[in-house]
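These notes concern the structure reproduced below.
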Amino acid sequence: MLENKAALITGASRGIGEAAAMELAAQGANVVLAARSKNSLDDVVSRIQDNGGTACCVECDVSEYDEVANAVTECVAQYGKIDILVNNAGLIDPIARIEDSDPIQWANVVDVNLKGVYHGLRAALPLMKEQGSGVVVNISSGAATGALEGWSHYCATKAGVLSLTKCAHKEFGDLGVRIVGMSPGTVATDMQVSIKASGINPVSQLEHSDHIPPEWPAKAIAWLCTEAAAEYSGTDFSIKTEEGRRLVGLN
Ligand code: NAP
């Protein structure tokens, strides 16, 4: 379905990003995996290649604009274009109530979760505009519109990402470029291990078995990259609903 599409996925060293890279590659896309952990990226690249896919990786801290721009450049150098950007890299640590939070660590979450997404948009959208085509999937969360104790950094940054999705859609939606958010619900990744360890708020009380596997949001991301999802541009698409899961082919 995504035959010969060139895709860059941030935060592809584990969790949802890893699953998305595997899924996009399985659907025929040529993928560039970006994150900070080179060894983990190499491992995912090897598994994609073992499955007959095309993949490479680049070390990238999304909080640094130059590193994100370099990852976009690498995608174009390897595959001649950038059709898909998945702005997935994100973190929630350290979880803390505002009165206990560390201002530097709080700001670091802004640098990664919010500025990281802006960096991806800033680097990729001019190229997609020039191509007259492209899709950006910003990984969102219920936290974009809901408030949770101990998650002020996470909720505020995910709300900011939803706003970026809407603003980018306003600026690029008429130019053949689609920007869409994807809200997965709770997913069984390392992030949920940190959340459980925090013991703060009702999400930390969920069991690992309550969460969906990362392969589900990966399928949603792949579907959002197809024309079938065009009507959801500028919004957060959710797979928490029966309807969302049906559209993506999850049930
Ligand atoms: P995860 O397993 O902790 O993976 C996070 C990924 O982000 C890793 O690949 C990590 O790679 C990367 N990352 C973190 N900081 C980075 C940085 N500065 N630069 C580049 N990459 C960085 O978490 P996940 O659950 O897969 O989360 C992926 C996305 O889904 C996040 O945006 C998260 O907010 C969102 N989400 C998750 C859930 C959930 O329940 N799990 C629910 C809703 C939304 P390195 O450490 O190698 O850099």
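Conditions tested, residue by residue: (1) at pLDDT 95 or above; (2) part of a helix (DSSP H, G or I); (3) basic (K, R); (4) touching a strand residue (DSSP E or B) at 6+ places or on another chain (Cβ under 7 Å).
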| site | (1), (2), (3), (4) |
| --- | --- |
| A25 | yes, yes, no, yes |
| V45 | yes, yes, no, yes |
| V62 | yes, no, no, yes |
| A77 | yes, yes, no, no |
Checklist entry - Quick one: what pairs do we get from segment 177-192, first residue at pLDDT 95 or above, second in a loop (DSSP other than H, G, I, E, B) and among the charged types (D, E, K, R), C-beta under 6 Å, 6+ apart or different chains? => result G185/K240
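Can you say whether E149 is open to solvent by 50 Å² or more (accessible area, probe 1.4 Å) and not in a helix (DSSP H, G or I), as far as the supplied structure shows?
yes
Specify which of the listed residues (V58, V137) is touching a helix residue (DSSP H, G or I) at 6+ places or on another chain (Cβ under 6 Å) and crowded, with 24+ Cβ neighbours inside 10 Å.
V137
Residues E64, E99: which one is surrounded by fewer than 16 Cβ atoms within 10 Å (Cβ to Cβ) and within 12 Å of the ligand (Cβ to nearest atom)?
Working: E99 fails: within 12 Å of the ligand (Cβ to nearest atom).
One residue alone meets the criteria, E64.
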Checklist entry - Which condition number does W223 fail, the rest of (1) modelled with pLDDT of 95 or more; (2) out of contact with any Leu (no Cβ under 9 Å at 6 or more places or on another chain) being met? => result (2)
Item to check | Checking L41 against (1) in contact with a strand residue (DSSP E or B) (Cβ under 8 Å, 6 or more places away or on another chain); (2) open to solvent by 10 Å² or more (accessible area, probe 1.4 Å); (3) assigned to a helix (DSSP H, G or I), the condition it does not meet | outcome: (2)
Checklist entry - What's the number of the condition Y154 fails, among (1) aromatic (F, W, Y); (2) within 10 Å of the ligand (Cβ to nearest atom); (3) in contact with a Pro (Cβ under 9 Å, 6 or more places away or on another chain)? => result (3)
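The values are calculated or read from the model by the stated rules, or taken from the named source; none is laboratory data. As the structure is a computational prediction, the values presented were derived from the model and not from experiment. When we count neighbours, we look across all protein chains shown, and the Cβ atoms used for this are built from the backbone with ideal geometry, even at glycine. In case anyone asks, the SASA skips ligands and DNA or RNA and just uses the protein heavy atoms, side chains included. Shrake-Rupley method; radii C 1.70, N 1.55, O 1.52, S 1.80 Å.
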